[in-house]
Each structure stands twice: as C-alpha cells, then as structure tokens.
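What follows is a set of notes on a single structure, which appears directly below.
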Amino acid sequence: MRVLALAGYDSFLNTVRLIAPHFEKQGALVDFALISARKRKQISAEQIAEMGFSKPIPAVKIKDLCQSGDIQSYDIVLSCLEGMSTRHLFHYLEELGDARPLVICVYPGLVLRYAYDGFSMRAPADLLWLNCLRDLEAYREMATSFGIDPSNGRLFGSGSLLERIARQPAAEQSGPVVFFEQAVIPRYFDERYYLVKRFCDLARRFPERSFLLKARAPGKKATLHRTWYPIENIFDEIRASAEGVPDNVSLTDEKTGSLIARASHCLTVSSTVAVECLQAGVPLTIVSDFGAHDDYGLQYFYGSGLLRTFDDFSLEGARPNSDWLKRYTADPYDNIEQLVSEAMQMDRRRNLRDGAVSQASRSFAIELVENLGVSKYLRRSFEYKSVSDRIALYKRRLFNGRLR
C-alpha cells in the first residue's frame, strides 16, 4: 500500500513526518510532497534538513498532481494542508471520481481560531483526524446542522505530541524560562514591543534564572503566517534603548523540543507548543495581557486555569484544570495505531461533493464559478473588498448581460 503525505509549511511537514512511521510500521510505503501554495518561499532547505529528511522533497501543484494522474498511484493521501490548498485538493480529486485515493485530513496544530471554517474545508475527507474532544464535538454539530454525515470525524490528538520530550532531571529548579513567540500573535507593533519589554522585566525580577525568547521563524526560515514586526528587530530596538536588555535575557534558535526538555517554565500567548509543554510536565503560563481577542486564539485556553498577566507571573505556574485537559487535549499515542489500521483497511466512503455543502451550497458554488472562474472560486476571490475588484466584477457582469 502506498501513502502520499502532503504538506506546505514547516509545522505541516513535521506533522506528517511524525505520522508516517506509523503507516510504515503497518507495511505501507510513504512518499512526501510539498504543495506549492504561494509564490513566496513556504519552507527553507534548512527547515527540511532539521526534520531529518536526507533527500529533497518534490514541490508540486495540486492541479498538476491530480490531472497528471500521479496521485492515482497512491492508495491513501495524508493531507496536512492549509485551508485553501485543501479546497483545491478536493476540487481536483472530485474530477477523478472512483479512481481517487482515500483521503485523510489532519491538522498541524491546535485549532485556535476559525474552527468552523477549517472544519468545513476538510469535511469532504474520508477521515478527519481531530485534535481533541472539543473539536470532534464541534465538527459533528456543524456537519449535522448542514445535513452532512459526521461519521468521518475521529479523535486523534495533536500530531506534535508523537515526538516525546524527556525532561532533564534538574530542569524545574535551574532551567531557563522560555517564551515561545508566534508570528502574528500578537500582531501589532505596540503589542509586540510590550511583550519583549515585559519579558525583560521578568528577567530583572528573577536575576538568578536565564530567560530565553524563542522566535517562531528567525532569519530565512519561512512559515504560514508572516510577521509584520520580527521579534528579533524589536529585541534589538529595546537593547539599544536606555533601559536595555538584562544580561540574563537572550534570543534563541534552539529546537522547541530541546528547550521544553530543559525549561523551568514556559510562556506563550496561544500556541500548539502549550500542549507540548503540558504533556512534558513543564509549568506553563498563557499570557493574557493582550485581552480577549478572537483572532489571537486565547479562547482555546478559557477554563484551563493557565491564564496570567506578566504582573501575576510566578515561577511555580498553575495546575491546569483537569476537565479542560480532558476536552482540549488528547494523546495521539492512544489512537494512532487504530486510526492507521482503519485507514489502511477501509475503502473510500464519501462522495467529495457531500462534504462541500458546509462551505457553500451547490447553487452558490455554481454561481461563483460562472462569475469568477474555477481558480478564483477556489481562492475565495469573491471575499475581496478592494474597490477595483468590485468595479471589475460589476463590469464583467454588465458585459455578460447579467445586469439589466
């Protein structure tokens, strides 16, 4: 049996990298492909090498992969793609009819925001592996409301937890305090400047500890979300100011797993790294200074008991709420072998069109394709708000006789 693992960005590739050995263990051959999703760099050679890939991974376009027939040589597609690429995948697989492979969709991290938008794009999958009970229940509720069969949903867990982290013995007593930065959470300059400034203030409160700031994608590394204000630049700006940066604070490019293994405490705003810290038993703080902002995903951690402001920070941390842990986290090792076995034994079970209803009704989709063309429909170009786009659309409809 042959499996094709699809990814487009660093955390996405890392997720399928961690899942692949479990298919190989049950006798499958796994190939990898990087899906071209934008013109700018999506992932660097350095990032690929850091994951342990010794051979280049081919970059392909979904349309070419499907229309060339290459995808038909695989029995299973393990898709870890962002939303727009997922839309493209199901559109072009539908053209293959019964000749298509079975499709599994998996997330590269926690579903912190736009949960239903993401569920709707992945709903056509034969199997949808989800991170936690909260996600599984929400998906089932959404699918049922749109008249879609929700039985493809499965409890999996966060894929990154497949890479176990062994804590260093003296980490909690003497290890560094580590802040895991995100590219766009928070997004704006004043927020990001405050973040670095207050992290420096913490270091002054605890001069006996080392404080490390882990940038999400420093230097030439690439990620799905591009920051407006690189944290390294803000760090340099504060270091050059009158207040400066304490001697016990520094930036680090050390791997996340290595940092968690030796950290005495970890902080983040909202990130998948949070569940990695919890699984490893590291004291954790979810920084709440930036408020209840839906776009920042902090709502995922409501009820966790982990939210603290910088002012309220303590090295001991807080014990996470057990009820929250049961609903919002899951260990993939409890499920992975059974899920892989199920996928390798089952036939394709869904009409890909069936799941697409939650994105747009059949009639609305046809209307959009007629007005915009397939490519713009798949990119959701109808959502663009620029004046020039709206004028161009009006003129096209007028020319086509759609307006009287």
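The values are calculated or read from the model by the stated rules, or taken from the named source; none is laboratory data. The structure displayed is predicted, hence computed values, not measured ones. In this analysis, Cβ positions are derived from the backbone assuming ideal geometry, glycine residues included, and neighbour counts consider all displayed protein chains. Only protein heavy atoms, including side chains, enter the accessible area calculation; ligands, DNA and RNA are left aside. Shrake-Rupley method; radii C 1.70, N 1.55, O 1.52, S 1.80 Å.
Exactly one of (1) of a type outside the set (Gly, Ala, Ser); (2) crowded, with 20+ Cβ neighbours inside 10 Å; (3) under 19 Å from residue 5 (Cβ atoms) is unmet by residue 119. Its number? Every listed condition holds for residue 119 apart from (3). The numbered conditions (1) touching a residue at least 60 places away in the same chain (Cβ under 8 Å); (2) buried (at least 20 other Cβ atoms within 10 Å of the Cβ); (3) under 17 Å from the mean Cα position of the chain (by Cα) are all true for residue 35 except (1).
Answer yes or no as to whether residue 134 is of a type in the set (D, E, K, R), without any contact (Cβ under 8 Å) to a residue 24 or more places away in the chain and either under 20 Å from residue 84 (Cα atoms) or surrounded by fewer than 23 Cβ atoms within 10 Å (Cβ to Cβ) (or both). For residue 134, the condition - of a type in the set (D, E, K, R), without any contact (Cβ under 8 Å) to a residue 24 or more places away in the chain and either under 20 Å from residue 84 (Cα atoms) or surrounded by fewer than 23 Cβ atoms within 10 Å (Cβ to Cβ) (or both) - is not met.
Among the residues of segment 239-255, some residue qualifies, meaning at least one is modelled with pLDDT under 90 and assigned to a helix (DSSP H, G or I). Among the residues of segment 97-145, those that are in a loop (DSSP other than H, G, I, E, B), more than 19 Å from residue 365 (Cα to Cα) and over 13 Å from the mean Cα position of the chain (by Cα) comprise 100, 101, 126, 132.
Name the helices (runs of 4 or more DSSP H) wholly inside segment 356-404 in which the number of residues that are modelled with pLDDT of 60 or more, open to solvent by 50 Å² or more (accessible area, probe 1.4 Å) and over 20 Å from residue 87 (Cβ atoms) is 3 or more.
Values: elements: 362-372, 374-378, 387-399.
It comes to 387-399.
Among residues of segment 11-50 being touching a Lys or Arg at 6+ places or on another chain (Cβ under 6 Å) and more than 25 Å from residue 110 (Cβ to Cβ), the one that is modelled with the lowest pLDDT is 36. In segment 137-145, the condition of being open to solvent by 10 Å² or more (accessible area, probe 1.4 Å), under 21 Å from residue 273 (Cα atoms) and among the β-branched types (Val, Ile, Thr) is met by no residue. In segment 283-302, the residue that is farthest from the chain's Cα centre (by Cα) out of those that are within 17 Å of residue 324 (Cα to Cα) and crowded, with 19+ Cβ neighbours inside 10 Å is 283. Among the residues of segment 53-87, those that are open to solvent by less than 40 Å² (accessible area, probe 1.4 Å), closer than 21 Å to residue 29 by Cβ and hydroxyl-bearing (Ser, Thr, Tyr) comprise 74, 79. Of the residues examined, residue 282 is not one that is outside any helix (DSSP H, G or I), under 20 Å from residue 191 (Cα atoms) and either touching a strand residue (DSSP E or B) at 6+ places or on another chain (Cβ under 9 Å) or of a type outside the set (S, T, N, Q) (or both). For residue 97, the conditions (1) out of contact with any Gly (no Cβ under 9 Å at 6 or more places or on another chain); (2) under 21 Å from residue 9 (Cα atoms) all hold with the exception of (2).
Just for segment 308-331: of the residues that are free of Cβ contacts under 8 Å to residues at least 24 places away in the same chain and open to solvent by less than 80 Å² (accessible area, probe 1.4 Å), which one is nearest to residue 265 (Cα to Cα)? Step through it out loud before you land on a result.
Initial filter on segment 308-331 (free of Cβ contacts under 8 Å to residues at least 24 places away in the same chain): 308-309, 311-312, 314, 319, 321-324.
The next check asks that each one be open to solvent by less than 80 Å² (accessible area, probe 1.4 Å); those that pass are 309, 314, 321-322, 324.
On the way: 309: 15, 314: 9, 321: 18, 322: 20, 324: 20 Å.
Looking at residues that are free of Cβ contacts under 8 Å to residues at least 24 places away in the same chain and open to solvent by less than 80 Å² (accessible area, probe 1.4 Å), I get 314.
Among residues of segment 233-249 being closer than 19 Å to residue 191 by Cα and of a type in the set (S, T, N, Q), the one that is least open to solvent (accessible area, probe 1.4 Å) is 241. One residue stands out among those in segment 1-24 that are touching a residue at least 60 places away in the same chain (Cβ under 8 Å), in a helix (DSSP H, G or I) and open to solvent by less than 10 Å² (accessible area, probe 1.4 Å): the one that is farthest from residue 37 (Cα to Cα), which is 23. Among the residues making up segment 147-200, those that are in contact (Cβ under 8 Å) with a residue 60 or more places away in the chain and among the aliphatic types (A, V, I, L, M) are 148, 155, 161, 162, 165, 166, 171, 177, 178, 185, 195.
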